[in-house]
Each structure stands twice: as structure tokens, then as C-alpha cells.
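Each remark here refers to the structure printed beneath this line.
The values are calculated or read from the model by the stated rules, or taken from the named source; none is laboratory data. All values derive from a computational prediction rather than experimental measurement. We place every Cβ from the backbone using ideal geometry, glycine too, and count neighbours over all the protein chains shown.
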Amino acid sequence: MKTKMDYEDIRKSPFITWLAEVYKRSERKEKVIGIELGVFKAAHAEYIMESIDIEKLYLIDPYEAGYEGEIADDIPEARDFAAKRMSKYGERIQWMYNDGNEALKKLAVKGVKADFIYIDGKHDYTSSLSNINHAVALVKDKGFVAGHDYLIRSNPPIEVKKAVDDFLKDKPYKFFTAGSPIPDWWFRISRNLWMREKTRIMLGILAEKDMSYLLQRAMINNGNDGQGVMLDLMFYLDNWFNHDNEEKTIEGKC
């Protein structure tokens, strides 16, 4: 159970400490857009603002019982405390009192692109995995998806580690974790790396299935446009897999 001191002190997270140093060493000129999902009394949000030159920090928390471990009796106090605590940052803070995924969808519709998203909301497997998937869509290329509680625990139930591991198992992103006893986790989005990995996989399928004619067709259609070649190949292979699966289904019914 959280105590008054636990949530009034600034919480220094390994990810934000590391990210601030990365920005400092790279002599980054642009100001940063950040999102935190799960705020409670803003102990971590304040550390973000004190550590990084933030242009806008979106703070998402519906302030409902069971969200980010809130206890029902603490919720009105927590919301008021957090709003007052972050008021000194003025328009650099934007509050969103919504469920995490709902808020992330709203930001996507507005065209918001974040340099990082820090997830510390619901800790069950389904919510954690869904939050990560929504976050990835909002992060800029070379931005970061991060969070707290990289562990599995039964009481209270925390399944964040399994959700993170399952999301990353077929992704080429470099993964980091740090901190004890409750670690942070993060990975960097690299859309070019993802495209290269998809290319490697698809070329392997083409060679295995003797379908090199598809690569030739894509190159004729797109010339030196590598991304266009990739998109055409993805389209061709998706159609091939769907057709192949339909035939297998039909065969199984006969």
C-alpha cells in the first residue's frame, strides 16, 4: 500500500535519467514531446519535467480505482494533488482524464507524434500489451516506448514483463531494462530496422518458394524506389498467403 511519502517524493526513473543523458550528449536542439500513461500524484511526471527540455507532456490518467494501483479513497486527493503539483509548468502540461488506450487514440487522431511514451497504467497482461501496441503507433521514428514494473507478480497481479516480452519476440528493436527492485523497461522504435527485417524474411520466403518473379515484378514497377519495392512485395505475399490459406481451408472441408 502506498504511503504519503511514497507518492509525494519525486520518483527518479532509470529510463528518464538515461534519456536525459542521451539528449544531453547528442546536443539535441529540438524540444521534446512526451506522454505518460498512469500519473497518480505525478511523482514521476515532475521528474520528467525537471530532467528533460519538454515542449509538451501529455498526462493520461482516468483516476479510477485499480488504475496504476490507485486505492479508491486516494483518488480525489491524488487527482487534486497532481494537478496542483504540475500547474507550475503551465501550458507545457496537457491533462487527459481518459482510459489509456482511449487517450492514445485521441492523440493519434490529432496527429500527435511523441519522442517517448512512458507506460505505468494497468498492469495486467491484456492492458499492458494493448497499451504498448497503441503507444508504438504514436512514437516518432527513433523515439522510445518505455514503462515501469518489468516483472511478473501474483499479489498484486503484475504481468507487464510477459506483455513486453511477447510484444518484442518478433521485433528487431533493441531492448533495455534497468532499476531494482522494480525495473524500468524501454525500446527504441526504428522503422528502417523493421523494414530491413521484413525484407530479410520476405526474401527468404521468395527463395524457399521459388517466387523470385515477384521480386522482379516489384522492381520493374518501382525502379530504384526501395520502399515501393517493399510495399509491393508485402502486397504480393499477403495475397499469396491468403490464397494459400483459403485453398488449405477448402481442402480441409472436402
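Some points to look at:
- Once the range 149-173 is narrowed to residues that are under 12 Å from the mean Cα position of the chain (by Cα) and touching a residue at least 24 places away in the same chain (Cβ under 8 Å), the residue that is surrounded by the fewest Cβ atoms within 10 Å (Cβ to Cβ) is F167.
- Single condition P156 does not satisfy, out of (1) out of contact with any helix residue (DSSP H, G or I) (no Cβ under 6 Å at 6 or more places or on another chain); (2) at pLDDT below 95; (3) farther than 19 Å from V39 by Cα: (3)
- Among the residues making up the range 10-37, those that are outside any strand (DSSP E or B) and among the β-branched types (V, I, T) are I10, I16, T17, V22.
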